[in-house]
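The values are calculated or read from the model by the stated rules, or taken from the named source; none is laboratory data. In this text the structure is predicted, and so the values were computed from the model without any measurement. When we count neighbours, we look across all protein chains shown, and the Cβ atoms used for this are built from the backbone with ideal geometry, even at glycine.
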Amino acid sequence: MRKYFIFLFCILTCSAIAQNSPNKKAQESFEDAQQYLRQNIYDEGIKYLDEAVKADPKFQMAYIQLGDIYRRQKIHGQAKENYRKAINSNATIDPRIYYVLGESELLTGDYAQAKANFISFQQKNVGADEEFINRTKKYLLDCDFAITAIKSPTKYEPINMGFYINSANRDYFPALTADGQTIIFSRVVEGNEDLYTSTQKNKEWLPAQPLSNKINTPNYNEGAQSISPDGKYLFFTGCNRPDGLGRCDIYVSRKEGIDWGKAINLGKTINSEYWESQPSISPDGSTLYFVSNRPGGIGSYDIWKSTLTDDGQWTTPVNLGSKINTPYDENTPFIHADGKTLYFASNGWPGFGDKDIFFSRLDDQAQFSIPTNLGYPINTFNEEVGLIVTADGTEGLFSSNIKNGGFGDLDIYHFKLPEKVKPLPVTYVKGIVKDKDTKELLEANVLVIDLKNNSPVFNDYTSAATGDFMAVMPIGSNYSFNVDADGYLFNSQYFELKKAEDNKPYEFEILLEKIKVGSNVTLKNIFFDTNKYELLPTSMVELNILIELLKTNANVGIEIQGYTDNVGDVKLNQKLSENRAKSVYDFLINNGIDKQRLTFKGYGETNPKSDNATEEGRKNNRRTEFLITKI
């Protein structure tokens, strides 16, 4: 891209003497302008160039320089006006002016005129170098895409988040927890970028407050953050900090009770001497997406990813490749709570001019689809970046300088997401873990397993200070859910989430019972085929949790109990329940548990937990339990 920028500089300087005006006043003003332009004092340069074209309305080079200055300042409306005057002032002109005019028209939404001028550039500038040729082809694709896309607009009604979130300052880069109850965003106050947060009460946001002095600093910038769905882990960008490896690095902090822990630099595996920023953590915490300009990329700024190993180390980052990145720029990645849909900004894929927001989705082979532009008017000829999407997929949040109803230079907005650009459906389970008898908050491990592939989607612990947890579960699988704490029996749940309408959130108060004789646990994730007693592979997760409980509490003895519903022959059901209990008994023995600690018994149709008149009731009655017989 270097030649592209050198070209602008040369028009401003090298070409400054390429054309004189016969008007003395115009020429003097033009020469005065050059003195300021060489010092990059553009306001004064514009002043004298305006005087030059006022004195000589045919002064082509003055118009070109005005166009270049406005283009450099991204005031594209003024740029295209002056480039057009330059072309109209003299039939002889550098063909590249058609290129910069086309670009300015593209970036103001004047797509038909932009296309015409890019074609003129192609026809007139036969000797253009490869960079201009490729960029012109790319811009023509943008023009064609935009001309077609604006004919089919989507419904789009952005709503300001209000004065408890937004301020007279710049507010941007929002991040939400899965339940939508906590927001963290970036705010610049007197030149210092910090993180702010707010929570909802009675469906209203409370006034935003600085996040934590363990993360925010008085002298450095913190922003561009990503929060885990449960709100316990915060990945953010810190710039120019003393422990930094480059200009901007990625840090992580874990919530400790009601405050955040010390911010930790992710180290040399993730960060480098270059620029790393805009992290986005996957819902299971295993994959970190971020932006970097490090060597080895496809464009100037690319999206990379790193995965977390079982021993808690981040792997060497991998570029997302040409399915996502282009020779141009990609930034602000956001991986949705479904773990598959990636939203990001790019000026490399066909769009409306500047950076647009796209989404791509991982398939079953972990390959990203070709990105889809979110369409008009979500995307426009302006720069659109930094979109996030609520866990339920209904709304998007972003930052904009929309003037109507705004509070500052940048405000945070939300809008209803069109159906065709929504992520895959998800739900979540949240709750608080307590002692059943004392109601004391507990430190406990919470494990949620996707039974389709026996992989964890959540594996973390609650703190004794809050006892809370929240785990995201994408729709389309069944999940085992287990909560365990030292000295307590574990809690077992099973979630069947096969259909999109199964997205209602689950909220529990988990009451763990201390290990004592007579206590029992229903093993809700022990599975058998109908009328069979061979353990299915999906049972292994819960069986291993039971084994761990028995190994940790070496004096505990249990009885494995099998139950059936009332469908079929009573004697056959009795035998089936015995065989199923024995299958669990045998598995425990084969995995190192002393058989002297174990017994098993089938109870057939007896002791139903639910009414056998319904399928749901019969399902609850077909179960495996264990009873504490000694401690």
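Here are the numbers for this structure:
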| item | result |
| --- | --- |
| Within the range 1-105, helices (runs of 4 or more DSSP H) holding 2 or more residues that are at pLDDT 95 or above | 24-37, 42-55, 60-72, 76-89 |
| Selected residue [outside any helix (DSSP H, G or I), among the β-branched types (Val, Ile, Thr) and on the phi < 0 side of the Ramachandran plot] from 154, 148 | 154 |
| Hey, residue 501 assigned by TED's automatic domain parsing to the domain that holds residue 430 and either out of contact with any helix residue (DSSP H, G or I) (no Cβ under 9 Å at 6 or more places or on another chain) or of a type outside the set (Ser, Thr, Tyr) (or both) or not | yes |
| Residue list for the range 389-411, filter: at pLDDT below 95 and not charged (D, E, K, R) | 398, 399, 400, 401, 402, 404, 405, 406, 407, 408, 410 |
| Cβ-Cβ under 7 Å pairs, at least 6 apart or on other chains, the range 599-618 side under 23 Å from residue 585 (Cβ atoms), far side at pLDDT 90 or above and of a type in the set (Gly, Ala, Ser) | 600/581; 601/581; 602/562; 602/577; 602/581; 603/562; 603/577; 604/577 |
| Whichever residue in the range 471-507 is part of a strand (DSSP E or B), of a type in the set (A, V, I, L, M, F, W, C) and more than 27 Å from residue 553 (Cα to Cα) and, among such residues, is farthest from the chain's Cα centre (by Cα) | 495 |
| Among the residues listed as 420, 430, the single one being basic (Lys, Arg) and either assigned to a strand (DSSP E or B) or surrounded by 14 or more Cβ atoms within 10 Å (Cβ to Cβ) (or both) | 430 |
| Failed condition for residue 119, given (1) in a helix (DSSP H, G or I); (2) crowded, with 18+ Cβ neighbours inside 10 Å | (2) |
| Within the range 284-303, tally of residues that are in contact (Cβ under 8 Å) with a residue 60 or more places away in the chain and either crowded, with 23+ Cβ neighbours inside 10 Å or over 17 Å from the mean Cα position of the chain (by Cα) (or both) | 1 |
| Pick from the range 433-467, criterion among the acidic types (Asp, Glu) and surrounded by 14 or more Cβ atoms within 10 Å (Cβ to Cβ), ranking: farthest from residue 482 (Cα to Cα) | 435 |
| Set 243, 179, 259, 194: member being among the acidic types (Asp, Glu) and within 18 Å of the chain's Cα centre (by Cα) | 179 |
| Residues within the range 386-409 that are out of contact with any Gly (no Cβ under 8 Å at 6 or more places or on another chain), crowded, with 21+ Cβ neighbours inside 10 Å and among the hydrophobic types (A, V, I, L, M, F, W, C), tallied | 1 |
| The one condition in (1) without any contact (Cβ under 8 Å) to a residue 40 or more places away in the chain; (2) in contact with a Leu (Cβ under 8 Å, 6 or more places away or on another chain); (3) buried (at least 17 other Cβ atoms within 10 Å of the Cβ); (4) of a type outside the set (D, E, K, R) that residue 281 fails to fulfil | (1) |
| Tally of residues being over 16 Å from residue 47 (Cα atoms) and surrounded by 21 or more Cβ atoms within 10 Å (Cβ to Cβ) across the range 72-87 | 4 |
| Selection count, the range 121-178, where residues are among the hydrophobic types (A, V, I, L, M, F, W, C), out of contact with any Phe, Trp or Tyr (no Cβ under 8 Å at 6 or more places or on another chain) and free of Cβ contacts under 8 Å to residues at least 60 places away in the same chain | 2 |
| Any hit, the range 515-527, residues being touching a helix residue (DSSP H, G or I) at 6+ places or on another chain (Cβ under 8 Å) and farther than 18 Å from residue 445 by Cβ | yes |
| Set 223, 238: member being more than 22 Å from residue 398 (Cβ to Cβ), in contact (Cβ under 8 Å) with a residue 12 or more places away in the chain, touching a Cys at 6+ places or on another chain (Cβ under 9 Å) and assigned by TED's automatic domain parsing to the domain that holds residue 289 | 238 |
| Output for the range 308-335, where each listed residue is more than 18 Å from residue 237 (Cα to Cα) and polar (S, T, N, Q) | 309, 313, 315, 316, 319, 322, 325, 326 |
